[in-house]
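In what follows, a structure is listed as structure tokens, so that the remarks can point back to it.
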Amino acid sequence: MLVNGKWTADWQPVQAKDAKGGFVRQTSSFRNWITPDGSAGPTGEGGFEAEAGRYHLYVALICPWASRTLIVRKLKKLEGLISLAAVEPALTKEGWRFGSYPGSDRDEVNGARYLHEIYTRVDPKITGRATVPVLWDKKRCSIVNNESADIVRMFNSGFGSLADESFDLYPEDLRSRIDALNDEIYPSLNNGVYRAGFATTPEAYEEAFAGVFGMLDKLEILLDGSAFLFGERLTETDIRLFVTLVRFDAAYHGLFKCNLRRIADYPNLSAYLHRMLSVPGIAETVNIDHIKCGYYSIQSLNPTGIVPVGPTLDFEPLLRKRSRRYGLE
């Protein structure tokens, strides 16, 4: 963790707890928005105009929050406009590190060894965790935003005609329903698996565990006869759900002790996961090796560092045509 711009201790997954011993996630600290004309967005300041080649995205392929942004960058055909660097999957004592692990990158933009150096480059006195994703402005040498939900929406609409406008992940007529379902899924499932995995008391763990499977049971019913969460239209809520589902059986079921059922045990959710992976471009963003290596590198949960051989994932054949860009075969 950074304290006044200095790395002060070995990386730990839990930086804050509530009164019950539950995991509390850090709030994102950079909240500017890219817009077509550079005007200010919902938060932050203006001056971040949509331009080809100006912006750079830092991600971790193990991280669901970063993967949200990676998927939307792909779907909106922004790869040629926004450059990319992925950190190594294993979390080091200094957090995320750039390197040569297959599917990872060196930092060719800022020459950083660790992600926390990107943060201190912008704010030499910053205190907090150095998290992914990070959207970097090459022109201003500054962080635009490090909140995945914001980056998803600015990738969807902030680049205007520079992006693929043939579909909209946040359509006007569904926005209230999208916001409402996002607000249900995030605390109980997206963040709920972390609250279960990083709980420090039985009370906090059991509460989070119940929320995870309560939400999965609800989604299993919701997806009965429906291609996506809102019928036939793919939206940002599908992407937010997908990034958790695709990691569930490989990591959360075992390491995070969310072991009542697997996604493979839910017929509708399992079929939905396959449909999402069949959407052109999505499978290319999934790296099961990074996911397993990364989660099982968390020493507080897996002190031996042994990465399990299994499980066999029935959707893995869908990943065989993934892009070499991510170091996969």
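The values are calculated or read from the model by the stated rules, or taken from the named source; none is laboratory data. Computed from a predicted structure; not experimentally measured. Positions of Cβ are backbone-derived with ideal geometry, glycine not excepted, and every protein chain shown enters the neighbour counts. Note: areas computed on protein heavy atoms with side chains; ligands, DNA, RNA excluded. Shrake-Rupley method; radii C 1.70, N 1.55, O 1.52, S 1.80 Å.
Structure values in brief
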{"item": "Cα gyration tensor shape for region 153-255, rounded if a/c is under 1.5, else prolate or oblate", "result": "prolate"}
{"item": "Pair Val3, Arg233: separation of 7 Å Cα→Cβ label points (nm)", "result": "4.9 nm"}
{"item": "Gyration tensor verdict on region 120-204 (Cα atoms; rounded if a/c is under 1.5, prolate if a/b is larger than b/c, oblate otherwise)", "result": "oblate"}
{"item": "Value of Rg to Rh for the chain (Rh from inverse mean 1/r over Cα pairs, i.e. Kirkwood)", "result": "0.94"}
{"item": "Rounded to the nearest 10 Å², the accessible area of Asp179 at probe 1.4 Å", "result": "60 Å²"}
{"item": "Solvent-accessible area, 1.4 Å probe, carbon plus sulfur percent, for the chain", "result": "51 percent"}
{"item": "Calculated FRET efficiency for the pair Val122/Phe167, C-beta based, R₀ 35 Å, to 0.05", "result": "0.55"}
{"item": "Centroid-to-centroid separation of region 131-157 and region 188-264 [C-alpha atoms, Å]", "result": "26 Å"}
{"item": "Probe 1.4 Å - accessible area at Ile221, Å² to nearest ten", "result": "130 Å²"}
{"item": "Added length on full extension, which subtracts the Cα-Cα distance from 0.36 nm per residue, Glu184 to Asp37", "result": "49.6 nm"}
{"item": "Accessible area of Lys125 in the full protein assembly, 1.4 Å probe (Å², nearest 10)", "result": "140 Å²"}
{"item": "Flagged links, alpha-carbon separation over 26 Å, of Lys6/Lys74; Lys77/Lys138; Lys74/Lys138; Lys125/Lys292; Lys93/Lys292", "result": "Lys6/Lys74; Lys125/Lys292"}
{"item": "The chain, helix-only ellipticity at 222 nm - DSSP H runs n ≥ 4, -39,500 (n - 2.57), divided by all residues, nearest 500", "result": "-9000 deg cm²/dmol"}
{"item": "Phi-based couplings in Hz for region 268-274 (Karplus 6.51, -1.76, 1.60; Gly and Pro marked x)", "result": "6, 5, 5, 5, 5, 4, 5"}
{"item": "Loop sites in region 105-189: GluC sites (Glu not before Pro), DSSP, at most 15 other Cβ within 10 Å", "result": "Glu108, Glu165"}
